[in-house]
Amino acid sequence: MDTGTRSTADPFKKSADDLLAEASREEEEKTTPIYEDTPNVVEWLNNVFGIFKDPGVIMHWVVISVGAAIPTALLLQIEQESLQMLLTLGMMTGGLVLGAITVSCAFAILLSVANGNDRVEEWPSMDIFQWLDQLILVLGATALVAIPMWTVCYLTDCPQLLGIAIIMFSIYLLLPFILLSMLDMGSVLTPFSPELARSVSNSQEEWGGFYFSSGLLFTGLFLFIATTWSTDSTIGIVAAITLAIFTTFTYFGMMGRLAFTIGQSVNAPPMKNDIDRSRPADSQ
């Protein structure tokens, strides 16, 4: 009789092949992690430049740009000293008219986006008194920021370039809040809205995204203008004017989207992530 002991497998001992096969199965079963905070570039581009999906916005941008580019190019070709005064007056007058038209159209974009419309429904008409109050609103908000800062720079004998930089940064920082406050309160004499102030803390992501995007926008415009200005090229100056109008339209569209977004998050109660953000009915 065979009295030899039968060798049995140790249940606590695994071969190297078993360990490798187990590790391989675990890797296959693992799912790729989803990072919800990863920025969506396509969505960001749509939020910033989405207003140009409207053919009316493109048409107004092209018309205003052509109306500004042709006179500018012709005036820059004048080299006679006797016409320099005419050139200066023409540039100043044309710049004021161009700025007023651009701002009025940009304000129409702001109101349309803030109301949740995909297209601008009411563009400024030929009647200047019909959109003069909107222009006064924008100029009033800008002056409320620029004049005090200019006064401080003047009294402190600040260098010219540094003073311009300080004034521009102040406008960049404060103009959105002051202008949206005036719109919220319905008066150019009321540059502060308590509800909008609450949105700064309640909607930090929306405000941060707006300032980040607008900062990139104006940095790109500044670098382009600085480059074209150094080359002293007529084509470059015309291109800079066209890009400035494009940037103005984009900036006011971004401001309108900010107003639309924070208007929902401030006025509506907290809710789950849902596309429909309508206020729920009160329980009976």
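Bear in mind these aren't lab numbers, they're just calculated from the coordinates by the rules spelled out. Just so it is clear, the structure is predicted and the values come from calculations on it, not from any experiment.
How large is ³J(HN,Hα), in whole Hz, for each residue of the stretch 130-138 in order, when computed from phi with the Karplus curve 6.51 cos²θ - 1.76 cosθ + 1.60 and θ = phi - 60°, using x for Gly and Pro?
Result, ordered by residue: 6, 10, 5, 5, 5, 5, 5, 4, 5 Hz.
Could you give the semi-axes, largest first, of the ellipsoid that matches the stretch 53-152, computed as the square roots of 5 times the alpha carbon gyration tensor eigenvalues and rounded to whole Å?
Values: eigenvalues 168, 87, 25 Å².
So the three semi-axes of the stretch 53-152 are 29, 21, 11 Å.
If you project the alpha carbons of the stretch 41-267 onto their three principal axes, what span does each projection cover, largest first, in Å?
Cα extents, longest axis first: 61, 47, 40 Å.
Relative contact order of the stretch 67-226, please, whole-number percent, based on alpha carbon pairs below 8 angstrom and at least 6 residues apart. Before the final figure, lay out each step's value.
Working: 79 pairs, mean separation 19.8, N = 160.
Relative contact order here is 12 percent.
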